[in-house]
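What follows is one structure encoded as structure tokens, with my remarks underneath.
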Amino acid sequence: MQYNLQRLATFIVLTLFSGLIFFSCKVDDSPAPSVSAQDGYFIINEGGFGNANTTLSFYNRQDNSVLNNVFRNANNRPLGDQTQSMTIFDGRGFIVVQNSSKVEVIDRETFESLATIGPDEGIISPRHFVGINPTKGYVTDWGADGLSGTLKVLDLDSYQVTSTIPIGAGPNELILIDNRVYVTNSGGLGSDNTVVEVDPQTDTIVNTIVVGDNPSSLTTDAEGSIWVVGGGKLVYDPVDFSLVEEESTAGFIARIVNNKVTVKISSDEINVGPSSVTIDPGGQILYFRYKGGVYAMSTTNTTLPTTPLIDQRFYGLGIDPVSGDILAGEAPNFSSNGSFLRYSSTGNLIQGYSVGIAPNSFAF
Amino acid sequence: MRGWQSYFSINLAAGQAWLVWLMLWLGGTLPHRSLAQLSDTVKILQNIEVTDSRLQLFSSSDQVSEILPQATGYAASNNLGQLLMKYSAVNVRSYGISGLSTASLRGSGSNHTPVFWEGINLQSSMNGSLDLSLMPAFFLDEVSLQHGSLGALYGAGTLGGAIHLRSAQKPSSGTSGKIFQQLGSFGERQTGVQLQYGNQQSAVRIRAFHRQADNNFPYYNIYRVRLEERQHAGIHQRGILTEFYHKLAERQQFEVKYWLQDNYVELPGVAAAGVTNRATQADLFHRLVANWSLTNENHQIRAKTALLGHQLDYSDNFSENALSEAISWVAEVESTFFLDEKQWLLVGGNHTYEQASVSSYGAKPAQRNRTSIFVSYQTQLYDRLEGSIGLRETLIDRTWSPILPSLSVAYSTGKYWKLRTKIARSYNLPTFNDLYWSGVSRGNPDLQPESGWGTDLGVEVKPNFNHWKLQGNLTAFSNWFDNWLQWVPRAGVGWSPVNVQQVWARGLEATLESQYTFDENLTLQCWGLYSFTRSTKEAIKAGGNPATLNQQLIYTPYHQGKASASVRYQRWEVGSTTNLIGQQFTEETNIQLLPGYATTDISLAYQWFIHDRHQLSVNSSLNNIFNHAYEVRQGYPMPGRHYQISIIYQFN
């Protein structure tokens, strides 16, 4: 009996400590890049809000492969919480990490960090970046309350915020066209309906264009006009939280020429609107996410298309400016890794890849 | 003679081993470490009071762990979450030191192991959880963990197991009390007072505490690449627990307990955030339970009613004072019959009414009525074989729930060994948030309850030597959960919950407990636990993510190892506790993970006898002595090395 007991005790103790050997294993899921980063583009994985798991992936055009976790692997630290966008400018990547209140600046080739422009520099809730010239850039920022949005002016030499321009509620995507910057005010935690034109020489607002409720995304076509999409506005009853249809508005796509809305096509439903608008390399065909699919629309259209080009719900959408491929980010939820799907410009799936959580956009 | 006493006497004749096992299960009402010679045991048993026949008598084939005996050197200022994290097989999911802590047992979800206080389920009707970090250890005299599916005995929610909390029994005659003052790192201070008075007829016990901690511990922020102090992580709590016991007649007991607790917690947010989170949560709890029992020779009847109130006031950077209020009323009657020397029968009924007013549910409060009947039968078939079956049926508003059966068998293979096996069904009702939330994300009124079958097979060994007590337990379990609920993106915008997946959780639990008494001056004690848990998605329904099929659930480590050891020499006690938690996936396709970690605490205590009736003791502990940087949840750092010291004055 005594002998048996000793054996049992030995067994249990051994079992107890066998767990130790599992403790130090780590998955290192991507090696450092070995090819020129010029030959690819970045996939921005937003992560789950508050879960500190945003990551950056890189697609290599030469061998059609994807490297995940490239920021962490190059810099030996996590990227942060909730990356909203990334913009390549002047050989540098400007990664805008909203809940971490920072813009991470990396070398486009090596992915190594050049600077962090963070809360100490005055960044609060940043969304998108645009480069004006090699020493100057703008970042849209929602502000602490999600309502008092600003444009932060960045010095790209010293990586400091040099001034702050109040701009509207929830400033989101912005674009530089003919030495003017156009900023969409997407509403943030409230609502707005304007696109604001800023003179980057003087950092002043020169025009405010009322375009439709909560414009979030914009692009420019071959003729130099601006296309803006917005989600419309949802108004809920404060008592029973039902949708107040009379006060809610439908989403839209609008064309702005010479600071005037010349075309505005509304969705046929409230609560539904186009988002993530982008355009083909020729500047003729608009692509956007809408009604659970990807739609393509000629810049000459006057109505929204009724059938999707790709009948699948995505979280992020982009067009490869080199190949014209349609790039889609699929996010099943915010707690599992998503996929990056590469389609031909006609909507045929070429290849799919596993990337990080919630791929929301691409940077070229 | 039939009844309680005769049962135990006759059972003694049936074999000493039975008594040892009975002692284990009845141990909740006995000094846990005082198993004496068997002849003495009979005398103790004859005076035993059955305070929870479901746990003490009808769970004899379940794995039940007492938590406090191995909690060596634990400070009264610890909370239930910390106790379970260090001294049980529970996987405590925690958002840092003052953040929400919930229990996952045997690979189940966070809301699948409810906490019962004095037999009353404290799960919130709004979100299905109870924050373990808000439960002060000072108010808990007994903490038992019952493993496995327990639907027949305890009803909804018990898919992984149950945590039972109780006060000590009715205070004995006379006046006694204690007062303690504790100080700790990061602005921790706590004061507690306990007074009790009893006579033959009645007794009263009152305890109160006040606790404050800033939790502004230093840590290396890997996201900001610098040393920082944790901000906005303070906690402020105060509470009072009053218990009144009265003997109405020779065999009739009445008791009423009221627990009032006020908590104010700063929620620090993720360390990767650039701007300090300003969210705060204030929870006010009222818990009132009244209990009456009548014990005859062959029958015990118990009636119980409880009223629970919870007021939750949340505000953050963007919104102020979102006030939610929930109340529950529970009425329960149960009868235990001693049919003959070998058969016991439990019959009972429970009615639970829940109501919650939350702004996001709309103008009308959510409410639910549940009426259950339950029956359990336990028999000793042969000398060495016992079995029990149980059934529960519940009317939920106007719908009958599925019948919850359970079947368990235990076989004593020898003097020291026992084999046991069990199969049982349980379910978990959707919370009011799951059903009635409205806005961009919205609840789903068509949700089905999560349901599950759990089975286990265990072997226990408990030899009894003169000076050496040893107890071992090895259990393999397998739980199958269907209609597991998850919030998934809606067709338009926002999120909504659906019954999305089937989950299979299986694994092993092993514990070893040993105590060696050299003489009255020197005692050695050690305890160890290892658990292996594999909990995977076996089927993904519409709305779920097919890429997560066969993957391990997130924040469910494969391996957990926990151990404690203590030496008591005269008036000194030295102890140490170690936790080894394996890596856990933080992402459902099992690519991203949180590294495993190890923490070690040491403690030292000394006790003076000032006078016959007056004692003074000093307890101190140094936690995370190796200053290991770790996270229990990604982005939520835990404190490095820190201390606690308390001085306790006791009189009786």
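Among the residues of the range B:519-526, is there at least one that is crowded, with 19+ Cβ neighbours inside 10 Å and not hydroxyl-bearing (Ser, Thr, Tyr)?
Yes, the range B:519-526 contains at least one residue that is crowded, with 19+ Cβ neighbours inside 10 Å and not hydroxyl-bearing (Ser, Thr, Tyr).
Can you confirm whether B:Tyr258 is among the hydroxyl-bearing types (Ser, Thr, Tyr), more than 30 Å from B:Glu228 (Cβ to Cβ) and at pLDDT 95 or above?
Yes: the conditions hold for B:Tyr258.
Could you check, for the range B:565-584, whether at least one of its residues is among the basic types (Lys, Arg), within 14 Å of chain A (Cβ to nearest Cβ) and part of a strand (DSSP E or B)?
no
Could you pull out every one of the strands (runs of 3 or more DSSP E) wholly within the range A:324-364 that has 2 or more residues that are among the charged types (D, E, K, R)?
none
Regarding the range B:499-511, can at least one residue be identified that is in a loop (DSSP other than H, G, I, E, B) and within 14 Å of chain A (Cβ to nearest Cβ)?
Within the range B:499-511, not a single residue is in a loop (DSSP other than H, G, I, E, B) and within 14 Å of chain A (Cβ to nearest Cβ).
Does the range B:370-392 hold any residues that are open to solvent by 40 Å² or more (accessible area, probe 1.4 Å) and acidic (Asp, Glu), and which are they?
If the condition is that a residue be open to solvent by 40 Å² or more (accessible area, probe 1.4 Å) and acidic (Asp, Glu), then B:Asp383 is the only one that fits.
Filtering the range A:283-293 down to residues that are surrounded by 19 or more Cβ atoms within 10 Å (Cβ to Cβ) and away from every other protein chain (no Cβ under 14 Å), which residue is farthest from A:Val229 (Cα to Cα)?
The extreme case among them is A:Ile285.
I'm told B:Pro463 meets every condition in (1) modelled with pLDDT under 95; (2) within 13 Å of chain A (Cβ to nearest Cβ); (3) open to solvent by 40 Å² or more (accessible area, probe 1.4 Å) except one. Can you identify the failing condition by its number?
Just one mismatch for B:Pro463, condition (3).
Taking B:Gln634 as the residue in question, decide whether it is surrounded by 17 or more Cβ atoms within 10 Å (Cβ to Cβ), touching a strand residue (DSSP E or B) at 6+ places or on another chain (Cβ under 7 Å) and within 14 Å of chain A (Cβ to nearest Cβ).
Answer is yes for this residue.
Pull out all pairs, ordered by first then second residue, where Cβ-Cβ is under 8 Å, the residues are six or more apart or on different chains, the first lies in the range B:316-329 and is more than 14 Å from every other protein chain (Cβ to nearest Cβ), and the second is assigned to a loop (DSSP other than H, G, I, E, B) and among the hydroxyl-bearing types (Ser, Thr, Tyr).
B:Ala326/B:Ser124; B:Ala326/B:Ser125; B:Ser328/B:Ser125
Within the range B:466-493, work out how many residues are closer than 29 Å to A:Gly232 by Cβ and open to solvent by less than 20 Å² (accessible area, probe 1.4 Å).
Of the residues in that region, 1 qualify.
Kindly provide the set of residues from the range A:244-253 that are buried (at least 16 other Cβ atoms within 10 Å of the Cβ) and within 19 Å of B:Ala363 (Cα to Cα), ordered by number.
None; the set is empty.
Restricting attention to the range A:294-338, and to residues there that are under 23 Å from B:Ser441 (Cβ atoms) and surrounded by fewer than 19 Cβ atoms within 10 Å (Cβ to Cβ), which single residue is farthest from the other protein chains (Cβ to nearest Cβ)?
A:Gln312
Among the strands (runs of 3 or more DSSP E) lying completely within the range B:137-254, list those that include at least 3 residues that are of a type outside the set (Phe, Trp, Tyr) and open to solvent by less than 20 Å² (accessible area, probe 1.4 Å).
B:142-147, B:161-166, B:174-184, B:188-198, B:202-213, B:235-249
Looking for whichever is hydroxyl-bearing (Ser, Thr, Tyr), at positive phi and open to solvent by less than 30 Å² (accessible area, probe 1.4 Å) here; the options are A:Ser101, A:Ser85, A:Ser57. Which one fits?
A:Ser101
For B:Pro546, only one of the following conditions fails: (1) touching a residue at least 12 places away in the same chain (Cβ under 8 Å); (2) surrounded by fewer than 22 Cβ atoms within 10 Å (Cβ to Cβ); (3) under 24 Å from B:Ser110 (Cα atoms). What is its number?
For B:Pro546, the failing item is (1).
Given the criterion in a loop (DSSP other than H, G, I, E, B), over 25 Å from the mean Cα position of the chain (by Cα) and away from chain A (no Cβ under 14 Å), identify the matching residue among B:Asn627, B:Asn590.
So the residue among B:Asn627, B:Asn590 that is in a loop (DSSP other than H, G, I, E, B), over 25 Å from the mean Cα position of the chain (by Cα) and away from chain A (no Cβ under 14 Å) is B:Asn627.
Can B:Val225 be described as without any contact (Cβ under 8 Å) to a residue 12 or more places away in the chain and over 30 Å from B:Ala424 (Cα atoms)?
For B:Val225, the condition - without any contact (Cβ under 8 Å) to a residue 12 or more places away in the chain and over 30 Å from B:Ala424 (Cα atoms) - is met.
Scan the range A:116-153 for residues that are of a type outside the set (Val, Ile, Thr), away from chain B (no Cβ under 12 Å) and outside any loop (DSSP other than H, G, I, E, B) and jot them down.
A:Arg127, A:His128, A:Phe129, A:Gly131, A:Asn133, A:Lys136, A:Gly137, A:Tyr138, A:Gly149, A:Leu151, A:Lys152
Can you tell me which residue within the range B:547-578, out of those that are polar (S, T, N, Q) and under 30 Å from B:Glu520 (Cα atoms), is farthest from the chain's Cα centre (by Cα)?
Selected residue: B:Gln570.
Please go through the range A:339-349 and pick out each residue that is farther than 21 Å from A:Asn360 by Cβ and open to solvent by less than 20 Å² (accessible area, probe 1.4 Å).
None; the set is empty.
Restricting to the range A:267-282, name every residue that is more than 13 Å from chain B (Cβ to nearest Cβ), open to solvent by 20 Å² or more (accessible area, probe 1.4 Å) and either under 12 Å from A:Tyr295 (Cα atoms) or not in a loop (DSSP other than H, G, I, E, B) (or both).
A:Asp268, A:Ser276, A:Thr278, A:Ile279
The values are calculated or read from the model by the stated rules, or taken from the named source; none is laboratory data. Bear in mind that the values here come from a model prediction, so they are computed numbers and not experimental data. Note that each Cβ is placed from the backbone with ideal geometry, even for glycine, and that neighbours are counted across all protein chains shown. Keep in mind that these areas ignore ligands, DNA and RNA; they rest on the heavy atoms of the full protein, side chains included. Shrake-Rupley method; radii C 1.70, N 1.55, O 1.52, S 1.80 Å.
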